[in-house]
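*Asks:* Handing you this structure, nothing more for now.
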Amino acid sequence: MLDLTGKNALVTGIANNRSIAWGIAQQLHKAGANLGVTYLPDEKGRFEKKVREVVEPLNPSIFVPCNVQDEAQMEETFKVVEETWGKLDILIHCLAFADKEGLSGDFSGISRESFTQSLEISTFSLGNMAKYAKPLMSEGGSIVTLTYVGGVKVIPNYNLMGVAKAGLEMTVRYLAAELGPQNIRVNAISAGPIRTLAASAVGGILDMIHHVEAVAPLRRTVTQLEVGNTATFLSSDLASGITGQVIYVDAGYEIMGM
Ligand SMILES: NC(=O)c1ccc[n+]([C@@H]2O[C@H](COP(=O)([O-])OP(=O)(O)OC[C@H]3O[C@@H](n4cnc5c(N)ncnc54)[C@H](O)[C@@H]3O)[C@@H](O)[C@H]2O)c1
């Protein structure tokens, strides 16, 4: 039985109702988990307002700002988790960033600044979050992150994010090896292309989606809720033997050679 009643789940990366993290939050909630949500703060508070509206129906017990580049906010986030729940069972890392320069044109033209910023937000943040989650996952736990096939094979314009995702997938393996003895499992979902805010920054995302719809065995791409279902499974006892893996939720696209 897939039942997350009594489990505490912190979900990062909801920007709006198209976000993959929103699909995940809904399915975790449906399975009975208590939800905590972080949002990326901005000066005008627009993200906060938007995310608050989106998540309100799920009544999260935690709602805190967390820019992963801000160490004080990271610390505060997990302090609030400890004060509210005492323990954490599920951590969803569902965020990434690369600027325009990193997502179009020549790979060789990417600047040091773009590279550093993207890898810090998209890759380093997983291990750094795990550092704070580890002591709170005293009864074991599940950490799930999101990756894309562009971290394994060359996808036009994915450029810098491809390097970030390659690093992220390796981070999953190192974390799984480190945290396994504490019964903390760490996995990644490699999702097919979905129209979201982040995806719209990648040049030619619609072409990618149309290509997948034409070629993938299921002749379509996937939805946020399908990714949410897999994240919920990976976070449940049904997946108790799975760690360090990258699970493709991509309508089968990854197996195709042509
Ligand atoms: N959409 C796709 O086609 C697709 C496919 C495979 C994997 N993914 C991955 O899924 C994850 C979620 O992306 P999405 O497509 O749902 O887009 P999205 O724009 O809805 O979500 C990206 C999130 O990253 C957050 N973020 C960016 N910089 C941050 C920072 N410094 N600190 C904290 N949060 C920050 C944003 O606030 C946003 O909530 C990303 O890791 C993305 O690479 C997306």
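The values are calculated or read from the model by the stated rules, or taken from the named source; none is laboratory data. These figures come from a predicted structure and were not determined experimentally. So basically every Cβ, Gly included, is an ideal-geometry build from the backbone, and we count neighbours across all protein chains shown. Heavy atoms of the whole protein, side chains included, go into the accessibility calculation; ligands, DNA and RNA do not. Shrake-Rupley method; radii C 1.70, N 1.55, O 1.52, S 1.80 Å.
*Asks:* Here are some conditions: (1) buried (at least 24 other Cβ atoms within 10 Å of the Cβ); (2) out of contact with any strand residue (DSSP E or B) (no Cβ under 7 Å at 6 or more places or on another chain). Residue 69 meets all but one. Which one does it not meet?
*Replies:* Residue 69 satisfies all of (1) buried (at least 24 other Cβ atoms within 10 Å of the Cβ); (2) out of contact with any strand residue (DSSP E or B) (no Cβ under 7 Å at 6 or more places or on another chain) except (1).
*Asks:* Among the residues of the stretch 77-115, write down those that are among the hydroxyl-bearing types (Ser, Thr, Tyr) and within 13 Å of the ligand (Cβ to nearest atom).
*Replies:* 77
*Asks:* Name the strands (runs of 3 or more DSSP E) wholly inside the stretch 1-76 in which the number of residues that are in contact (Cβ under 8 Å) with a residue 12 or more places away in the chain, within 14 Å of residue 91 (Cα to Cα) and within 13 Å of the ligand (Cβ to nearest atom) is 2 or more.
*Replies:* It comes to 8-11, 34-39.
*Asks:* Can you tell me which of (1) on the phi > 0 side of the Ramachandran plot; (2) touching a helix residue (DSSP H, G or I) at 6+ places or on another chain (Cβ under 7 Å) is the one residue 233 doesn't meet?
*Replies:* Just one mismatch for residue 233, condition (1).
*Asks:* Mind listing whichever residues of the stretch 105-124 are surrounded by fewer than 13 Cβ atoms within 10 Å (Cβ to Cβ) and outside any helix (DSSP H, G or I)?
*Replies:* Result: 106, 111.
*Asks:* A follow-up question, please. Checking the condition out of contact with any helix residue (DSSP H, G or I) (no Cβ under 6 Å at 6 or more places or on another chain) and open to solvent by less than 60 Å² (accessible area, probe 1.4 Å), which residue from 9, 15, 33 passes?
*Replies:* 33
*Asks:* Is at least one residue of the stretch 231-242 over 22 Å from residue 87 (Cβ atoms) and buried (at least 21 other Cβ atoms within 10 Å of the Cβ)?
*Replies:* No, the stretch 231-242 has no match at all.
*Asks:* Enumerate the pairs (first residue in the stretch 200-212 and of a type outside the set (Asp, Glu); second residue anywhere and open to solvent by 30 Å² or more (accessible area, probe 1.4 Å) and near the ligand (Cβ under 10 Å from one of its atoms)) with beta-carbon separation below 9 Å, excluding pairs fewer than 6 apart on the same chain, so at least 6 apart or on different chains.
*Replies:* So the pair list comes out as 201/97; 205/195; 206/195; 209/195.
*Asks:* Of 200, 138, which residue is modelled with pLDDT under 95 and open to solvent by 40 Å² or more (accessible area, probe 1.4 Å)?
*Replies:* 200
*Asks:* Can you name every residue in the stretch 144-185 that is farther than 19 Å from residue 119 by Cα and buried (at least 21 other Cβ atoms within 10 Å of the Cβ)?
*Replies:* 179, 184, 185
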